[in-house]
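Working notes, structure below.
The values are calculated or read from the model by the stated rules, or taken from the named source; none is laboratory data. None of the values given here were measured: they were computed from a predicted structure. Virtual Cβ from ideal backbone geometry, glycine too; neighbours counted across all protein chains shown. Surface areas here come from the heavy atoms of the whole protein model, side chains and all, with no ligands, DNA or RNA. Shrake-Rupley method; radii C 1.70, N 1.55, O 1.52, S 1.80 Å.
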Amino acid sequence: MIHYNLKIPELIVIEPTIYNDDRGFFQESFNKKSFEKAIGYSVNFVQDNHSFSKKNILRGIHYQLPPFAQGKLVRVVSGTVYDIGVDLRKNSPTFGRWAGEYLSDINNKQLWIPEGFGHAFYVISESAHFLYKTTNYYNKESEGCIKWNDPKLNIDWGNHINKPIVSNKDAAGSSFINAKYFD
């Protein structure tokens, strides 16, 4: 397994080792010991989620506030997405900054998004199956959403973004300035 930090050090890309042969491939998609060594601390995943989205779907920017804050280990098993994390920790030197990575069934990269971060992704391929582990259970009252195109965040979604399709909930998200943050 290879791992490296994005421009926000807490956002960590993980590349599992893939063993290919004429029959196909094998990969260990999660190993608690290796994962915790890569991020530098222990986590307890409590839930696995699977999302299917069509081309041009943009989901997020979502987060859960304490006591239901969630860390997420995300990956794509079919298709390609551009995935981003936004630092929402008020006392962080990278507060209000974002970093992104392309995740696909070709590169098999995973992205660790710890508690205190917002999360969003945009589907580039015709469709995408997106899987993620969470460190806490979903709680509707703790949910937050910031608009994907908030000018203060100024996220560069790249040239591939083309009339993103967002849910009513995401379209009604708050501005970054009016969002609730992590202490």
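Pairing residues of region 73-86 that are under 25 Å from Tyr181 (Cβ atoms) and outside any strand (DSSP E or B) with residues that are at pLDDT 95 or above and open to solvent by less than 20 Å² (accessible area, probe 1.4 Å), at Cβ distances under 8 Å and at least 6 apart in sequence or on separate chains, gives no pairs at all. You will find that of Glu101, Glu115, the residue that is part of a strand (DSSP E or B), modelled with pLDDT of 95 or more and among the charged types (D, E, K, R) is Glu101 and no other. In this structure, is Ser142 surrounded by fewer than 17 Cβ atoms within 10 Å (Cβ to Cβ) and more than 20 Å from Ser29 (Cα to Cα)? No; evaluated as a whole, the condition is false for this residue.
When Asn49 is tested against (1) under 25 Å from Lys180 (Cα atoms); (2) part of a loop (DSSP other than H, G, I, E, B), exactly one condition is not met: (2).
Scanning region 16-51 for residues that are of a type in the set (Phe, Trp, Tyr) and open to solvent by 100 Å² or more (accessible area, probe 1.4 Å) yields Tyr19, Phe25, Phe26, Tyr41. Taking first residues from region 134-145 that are part of a strand (DSSP E or B) and partners that are charged (D, E, K, R), the Cβ contacts under 7 Å between residues at least 6 apart in sequence or on separate chains come to Thr134/Lys72; Gly144/Lys180; Cys145/Lys169; Cys145/Asp170.
May I ask you to verify whether Ser51 is polar (S, T, N, Q), within 17 Å of the chain's Cα centre (by Cα), under 25 Å from Asn139 (Cβ atoms) and modelled with pLDDT of 95 or more?
yes
Restricting to region 118-133, count the residues that are assigned to a strand (DSSP E or B) and among the β-branched types (Val, Ile, Thr). Residues flagged as assigned to a strand (DSSP E or B) and among the β-branched types (Val, Ile, Thr) within region 118-133 amount to 1.
Looking at Tyr19, Tyr4, Tyr41, just one residue is of a type outside the set (Val, Ile, Thr) and not in a strand (DSSP E or B), and that residue is Tyr41.
Of the residues making up region 56-72, those that are basic (Lys, Arg) and open to solvent by less than 80 Å² (accessible area, probe 1.4 Å) number 1.
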